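Trainee: I'd like to ask you about the structure that follows.
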Amino acid sequence: MKLKIAILAGDGIGPEVTLEATNILKAVADLGGHDFTFTPALIGGVAITESGSPLPQATLDAALDSDAVLLGAVGDNKFGALPPDKRPEAGLLQIRQALGGYANLRPSVAYPALSGNSPLRPEVTEGADILFVRELLGGLYFGAPRWWNRESNEAINTMRYTRDEVARIARIAFELASKRRKKVTSVDKANVLEVSQLWRATVTEIARDYPDVKLEHQLVDSMAMHLMNTPRNFDVVLTENLFGDILSDEAAVITGSLGMLPSATIGGTVNLYEPVHGSAPDIAGQGKANPLGAILTAAMILRHSARLEEDAAAVEAAVQKVLADGHRTADIATGSGSSQPIATTQQMGKLVHNALAEAIDRRHAMHAV
Ligand code: IPM
Ligand code: MG
């Protein structure tokens, strides 16, 4: 299997975690005889510093010329005073738009080994396994008009969706739910917003094509509460762009750390893969970052772009094994009861690598007999 992957490590902890994820992909390629190539390119604050733009043309070209894009993180306080369209984050929004993927899949799973790390009681989180399907190209992030008038002290952003934009993301949610526990929870604010009324009507219409999938609607405010009270009640959670941004960070509480969460964006010309966490400038360059979100993102590349399901599952199992053995980066150390010393980013990556290599060797040995 051949796969061209553009590596956009970005800012802060992005380079550290992306390196560990890339090592895992290299290991899968070596052990399985696959041909994966990696093309590094700049995005975010580092790209502004080097070239004046958060998304240089060369990066866009490299991304469009690849089969998958792995992005670390963007964001740097150094650019904090700039308007949104000049900040590092603009590079991320531009590349999302250019690649065209509108369905951002964000799984949030309560791993048994991490049950002590969530502030939620283990009996609340146990067995929780949620897949957020976040619309990524519409809503307040991209709606026009948008401006801030400093003379009149007035600012505006626009939440806009068309029926077709809602229908296509709804279809993805129902398709995925039909292969899981067959339930879609659609999140909106239909008691206040017209956009949400269109959203609800469209999702209800699409649901008719999926009679075996149960649909429920939740208002975003009560959803924020139910997510913490009864996370096990949810299977696929379908949201517009901003609601999904907020709720998927909240859902990190179920897993135990934002550093654990992966994501994949599908539906466009090239799939875009990014851990859910940000650039965490406060811990950058210190070996403190948790690389597991990025490594689980690499597993999503194997699943959705390389179609190597067995290898994707092997990477996920290797992560679980390392956690079950008590290994912890700082963000998941409290409450773990582990006596292991805190692992650095690199050590954690190496541990997953070793567990994966052992599992793949065992698989090969089994196929050989
Ligand atoms: C995310 C991030 C981004 C978003 C930022 C960095 C633009 O928070 O991927 O969740 O809001 O989409
Ligand atoms: Mg976010």
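Trainee: With the condition being in the same structural domain as residue 178 (by TED's automatic domain parsing), I'd like the strands (runs of 3 or more DSSP E) fully within the range 231-280 carrying at least 1 qualifying residues.
Mentor: Passing ranges, in order: 236-239.
Trainee: Which residues, counting only those in the range 75-93, are touching a helix residue (DSSP H, G or I) at 6+ places or on another chain (Cβ under 8 Å) and closer than 23 Å to residue 147 by Cβ?
Mentor: Within the range 75-93, 75, 79, 84, 86, 87, 88, 90, 91, 93 qualify.
Trainee: What number of residues within the range 159-204 are over 21 Å from residue 219 (Cβ atoms) and β-branched (Val, Ile, Thr)?
Mentor: Adding up the residues that qualify gives 2.
Trainee: Counting only residues that are touching a strand residue (DSSP E or B) at 6+ places or on another chain (Cβ under 6 Å) and of a type outside the set (Gly, Ala, Ser), which one in the range 157-173 is most open to solvent (accessible area, probe 1.4 Å)?
Mentor: In this case the residue turns out to be 172.
Trainee: OK, next. How many of the residues making up the range 126-180 are within 16 Å of ligand 1 (Cβ to nearest atom) and either more than 30 Å from residue 113 (Cα to Cα) or not assigned by TED's automatic domain parsing to the domain that holds residue 246 (or both)?
Mentor: Count: 13.
Trainee: Which one of 340, 320, 347 is of a type in the set (S, T, N, Q), in the same structural domain as residue 101 (by TED's automatic domain parsing) and either under 20 Å from residue 1 (Cβ atoms) or in a loop (DSSP other than H, G, I, E, B) (or both)?
Mentor: The match here is 340.
Trainee: Is the range 138-150 home to any residue that is open to solvent by less than 10 Å² (accessible area, probe 1.4 Å), more than 21 Å from the chain's Cα centre (by Cα) and either modelled with pLDDT of 95 or more or within 29 Å of residue 89 (Cα to Cα) (or both)?
Mentor: Yes, there is a match, as at least one residue in the range 138-150 is open to solvent by less than 10 Å² (accessible area, probe 1.4 Å), more than 21 Å from the chain's Cα centre (by Cα) and either modelled with pLDDT of 95 or more or within 29 Å of residue 89 (Cα to Cα) (or both).
Trainee: Of all residues in the range 248-278, how many are hydroxyl-bearing (Ser, Thr, Tyr), open to solvent by less than 10 Å² (accessible area, probe 1.4 Å) and either within 14 Å of ligand 2 (Cβ to nearest atom) or closer than 25 Å to residue 306 by Cα (or both)?
Mentor: Qualifying residue count, the range 248-278: 4.
Trainee: Additional query: Looking at residue 120 and the list (1) within 15 Å of ligand 1 (Cβ to nearest atom); (2) open to solvent by 20 Å² or more (accessible area, probe 1.4 Å); (3) under 22 Å from residue 244 (Cβ atoms), which single condition is not satisfied?
Mentor: (1)
Trainee: On to the next question. Say we look at the range 332-342 and pick out the residues that are open to solvent by less than 60 Å² (accessible area, probe 1.4 Å) and under 19 Å from residue 282 (Cα atoms); which of these is modelled with the highest pLDDT?
Mentor: It comes out as 332.
Trainee: Inspect all residues belonging to the range 302-310 and state whether any of them is open to solvent by less than 10 Å² (accessible area, probe 1.4 Å), over 18 Å from residue 74 (Cβ atoms), part of a loop (DSSP other than H, G, I, E, B) and at pLDDT 95 or above.
Mentor: Yes, the range 302-310 contains a residue that is open to solvent by less than 10 Å² (accessible area, probe 1.4 Å), over 18 Å from residue 74 (Cβ atoms), part of a loop (DSSP other than H, G, I, E, B) and at pLDDT 95 or above.
The values are calculated or read from the model by the stated rules, or taken from the named source; none is laboratory data. These numbers were taken from a predicted model, which means no experiment stands behind them. Cβ: placed from backbone, ideal geometry, glycine included. Neighbour counts: every protein chain shown. Accessible surface areas use protein heavy atoms only, side chains included; no ligands, DNA or RNA. Shrake-Rupley method; radii C 1.70, N 1.55, O 1.52, S 1.80 Å.
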